[in-house]
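Visitor: Below is the structure I would like to discuss, written out as structure tokens.
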Amino acid sequence: MIRLDIIADYACPWCYLGKAMLDRALEAHPQHPFTVEWHPYQIDPSVPPEGMDRLEYMAARFGDVAAITRVHEPLLAMAEKAGVQFNMPAITRTPSTMKAHRLTHWAALEGRQAAMVSALYRAYWREGQDIGDAATLTRIAVQAGMDEALTARLLASDADRDLIAERIAHSRSRGVTSVPTFIVADRHALMGAQQPALWAQVIAEVTQGLSQTEETPDE
């Protein structure tokens, strides 16, 4: 199997779109060679732990409503073509994603990383849930099969906060400045949301490379 490392942030709409298009490609190629591992990132670490009102945050970053609409136009146009749904009106908070990344780390320790990543992206971009809120995250964790009391206790503490910060710093030290970033076999990096057709090509090339490597010459 080949590692596919994905560096992403739940607050990034392009990460959600990129995940959705990758998922589509992997589903269309069930024999793909990838073992997927997700890595944390924060596109705006200045967001306070309690999060911010969504409209106030967007206005501070981009200006008036017209400017916000223009910012989203390319994203929503690509999403529509790809059949990926966003529910922007439902989103009322811009969260700090530190707790969500910590929860993802704990889910990974239990072999639940993929399910947790999907649940968190869906909760925020499709359902408008506040994924910076500990109670919301605990509920999502329980739905994913994690222990309620343990999850709540961990989220109420600073457990693994430094670890997540170190992992984010490590990605930045490797030159990651935008997300999503996809790293294939620890060698080749793809930046941004990629179409399923491109992923199909990558899968074909990687699979062919594996086949050639596994071939043994006749003696």
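Throughout, read-outs are computed from the coordinates displayed, never taken from laboratory work. Bear in mind that the values here come from a model prediction, so they are computed numbers and not experimental data. Backbone-built Cβ (ideal geometry, glycine too); neighbour counts: all protein chains shown.
Visitor: Once every DSSP H run of n ≥ 4 in the chain is given -39500 (n - 2.57) and the sum is divided by its residues, what mean residue ellipticity at 222 nm do you get, rounded to the nearest 500 deg cm²/dmol?
Guide: Value at 222 nm, helices only, nearest 500: -16500 deg cm²/dmol.
Visitor: So for the stretch 38-143, averaging the separation of alpha carbon pairs under 8 Å that are six or more residues apart and normalising by length, what relative contact order in percent results?
Guide: Computed over the stretch 38-143, the figure is 32 percent.
Visitor: When only C-alpha pairs under 8 Å and at least 6 residues apart count, what is the relative contact order of the chain, in percent?
Guide: About 32 percent, as a whole number.
Visitor: Here's another thing I want to ask about it. Could you please report the charge total around Ala141, scoring K, R as +1 and D, E as -1 over all other residues with beta-carbon less than 12 angstrom from its beta-carbon?
Guide: After counting each charged neighbour, the total is +2.
Visitor: Principal axis lengths of the stretch 1-110 from Cα atoms, whole Å, largest first?
Guide: Result for the stretch 1-110: principal-axis Cα extents of 47, 33, 18 Å.
Visitor: Moving to a separate point now. Which one of Leu163, Thr136, Thr207 has its Cα pushed farthest toward the positive end of the charge dipole of the stretch 119-219, where Lys and Arg give +1 and Asp and Glu give -1 at the Cβ?
Guide: In the stretch 119-219, that residue is Thr136.
Visitor: Also, quick follow-up: Order of Ser96, Ser173 from fewest to most other C-beta atoms within 10 Å?
Guide: In order of increasing Cβ crowding within 10 Å: Ser173, Ser96.
Visitor: Could you give the size of the charge dipole of the stretch 1-153 about its Cα centre, using +1 on the Cβ of each K and R and -1 on the Cβ of each D and E, expressed in debye and rounded to the nearest 20?
Guide: 180 debye
Visitor: Using R₀ = 25 Å, calculate the FRET efficiency as 1/(1 + (r/R₀)^6) where r is the Cβ-Cβ separation of Ala67 and Gln195; round to 0.05.
Guide: 0.35
Visitor: I would also like to ask the following. Please rank Ile168, Ile2, Ile131, fewest neighbouring Cβ atoms within 10 Å first, as an exposure proxy.
Guide: Starting with the residue having the fewest Cβ neighbours, the order is Ile2, Ile168, Ile131.
Visitor: Can I ask one more? What's the center-to-center distance, using Cα atoms, between the stretch 158-219 and the stretch 76-103 in Å?
Guide: If we compute the Cα centre of each part, the gap is 23 Å.
Visitor: Which value, in debye to the nearest 20, describes the size of the charge dipole of the stretch 129-219 about its Cα centre when Lys and Arg Cβ atoms bear +1, Asp and Glu Cβ atoms bear -1, and nothing else is charged?
Guide: 520 debye
Visitor: Another question, if that's okay. What translational D, rounded to a whole number of µm²/s, comes out for the stretch 62-219 from Stokes-Einstein when the hydrodynamic radius is the Kirkwood one over Cα pairs, at 10 °C and 1.306 mPa s?
Guide: Reported coefficient: 85 µm²/s.
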